[in-house]
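Read the structure below first, then the notes.
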Amino acid sequence: MSSEREALGERPTSQASMLEAPCVSEGEEVTGSPIDLIVFDGLDEGELRKIVFVEVKSGKSVLSKRERLIKDAIEKKKVEWKILRRET
């Protein structure tokens, strides 16, 4: 990201366009970083079939080192669920 974009607080084009994309439904969450999208397949129907982590790329772009680490951890099933409780 260029320093101009950082100064303006702009999102990279891919993230901004995903936020406006009509394909993002209630069962999808745009995260933007370090992965672009999490799809909760079937959640809208009340039956979660699977959770899909999506990285959007264009042309011949490749995964970054961080994205590859995340992909590898998911594929090796190194994923956990935790609840963080905060006292109010």
### Message
If I filter the stretch 32-71 down to residues being part of a loop (DSSP other than H, G, I, E, B) and among the aliphatic types (A, V, I, L, M), which single residue comes out as modelled with the lowest pLDDT?
### Response
Ile35
### Task
Determine which member of the set Ile74, Ile51, Ile70 is within 17 Å of Glu29 (Cβ to Cβ), in contact (Cβ under 8 Å) with a residue 24 or more places away in the chain and surrounded by 11 or more Cβ atoms within 10 Å (Cβ to Cβ).
Ile70
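The values are calculated or read from the model by the stated rules, or taken from the named source; none is laboratory data. Quantities reported herein were computed from a predicted structural model and do not represent experimental measurements. Cβ coordinates were reconstructed from backbone atoms using ideal geometry, including for glycine residues, and neighbour counts include every protein chain displayed.
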